[in-house]
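Colleague: Quick one: structure below, then a few questions.
A short reminder: the numbers here are calculations on the coordinates, not readings from a lab. Just so you know, these numbers come straight off a predicted model, no measurement behind them. In this analysis, Cβ positions are derived from the backbone assuming ideal geometry, glycine residues included, and neighbour counts consider all displayed protein chains.
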Amino acid sequence: MSDALYQDEILTLAREGRALPRLDGATVTARVDNPVCGDRVTVDLTLEDGTVAAVGSKVQGCALCQAAAAVIAQQAVGAPAADLPRVADALEDYLSGKSGDVPWAPLTVFAPVRAAKSRWECVMLPFRAAIKALKSTG
């Protein structure tokens, strides 16, 4: 495990991500897999009037996936569901160095991942699952 990637803040978020339960009766749910490393993320969202009312997940993956799922659970509740794709795009730009800003302050914890391109997908996987879930609402 790289000390640069797995700092205390990320490990704390990862513990929170591991503790997130799945949601019974979620409005939408989706699973995405990373065939390269074997990570698997399922995200459940309860939506009310276009707003995220609750987030649940199951992460079978690394601490980066778990931490990203925790940030979504912390930040998305109460926000418009339409914000999730915008936040994901901004996070990808942040990780790739195209931007120095992220819309959710806790995402700055992933700054060390910017130097490890092979780990970007680990951070993005929970976002990809959330967006896939939202697209299932048609």
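Colleague: Per DSSP H run of at least 4 residues, take -39500 (n - 2.57); add these up for the chain, divide by its residues and hand me the 222 nm value, nearest 500 deg cm²/dmol.
Modeller: Details: 4 runs with 56 residues, N = 138.
Using -39500 (n - 2.57) per qualifying helix, the result is -13000 deg cm²/dmol.
Colleague: For the chain, what is the relative contact order in percent, using Cα pairs closer than 8 Å and at least 6 residues apart in sequence?
Modeller: Relative contact order of the chain: 29 percent.
Colleague: Taking the Cα centre of the stretch 8-135 as the origin, how large is its charge dipole in debye, to the nearest 20, when only Lys and Arg (+1) and Asp and Glu (-1) carry charge on their Cβ atoms?
Modeller: Dipole size: approximately 400 debye.
Colleague: Report the full-extension gain for the segment residue 4 to residue 136: residue separation times 0.36 nm, less the Cα-Cα distance, to one decimal in nm. Numbers along the way, then the final one.
Modeller: Numbers: separation 132, 0.36 × 132 = 47.52 nm, distance 3.65 nm.
Value of the extension gain: 43.9 nm.
Colleague: In the stretch 74-138, which trypsin sites (Lys or Arg not before Pro) are in a loop and have at most 16 other Cβ atoms within 10 Å, using DSSP for the loop call?
Modeller: Qualifying residues, ordered by number: 98.
Colleague: Could you please rank 32, 59, placing first whichever residue has the fewest other Cβ atoms within 10 Å of its Cβ? Mind dumping the intermediate values first?
Modeller: Details: 32 20, 59 25.
Listing 32, 59 from fewest to most nearby Cβ atoms yields 32, 59.
Colleague: For the pair residue 105 and residue 51, what calculated FRET efficiency results from E = 1/(1 + (r/R0)^6), where r is the Cβ-Cβ distance and R0 = 22 Å, to the nearest 0.05?
Modeller: The value I calculate is 0.65.
Colleague: Putting +1 on Lys and Arg Cβ atoms and -1 on Asp and Glu Cβ atoms, find which of 122, 73, 84 reaches farthest to the positive end of the dipole of the chain.
Modeller: 122
Colleague: Need one number: nm distance between label points at residue 115 and residue 22, each 7 Å from Cα along Cα→Cβ, rounded to one decimal.
Modeller: Going by the 7 Å Cα→Cβ label model, 3.9 nm.
Colleague: Name the shape class, rounded, prolate or oblate, that the alpha-carbon gyration tensor gives for the stretch 34-93, where a ≥ b ≥ c are the square roots of its eigenvalues, rounded holds for a/c under 1.5, and otherwise prolate holds if a/b is larger than b/c and oblate otherwise.
Modeller: Note, shape of the stretch 34-93 comes out prolate.
Colleague: Ok, one more. What ranking of 20, 125 emerges when the number of other C-beta atoms within 10 Å of each C-beta is taken as an exposure proxy, fewest first?
Modeller: Starting with the residue having the fewest Cβ neighbours, the order is 20, 125.
Colleague: Can you check how the C-alpha radius of gyration of the stretch 8-135 compares to 2.2 N^0.38 Å, as a plain ratio?
Modeller: Dividing the Cα Rg of the stretch 8-135 by 2.2 N^0.38 Å gives 0.95.
Colleague: Tell me the label-point distance for the pair residue 89, residue 37, using the 7 Å Cα-to-Cβ offset, in nm and rounded to one decimal.
Modeller: Between residue 89 and residue 37, the label points sit 2.5 nm apart.
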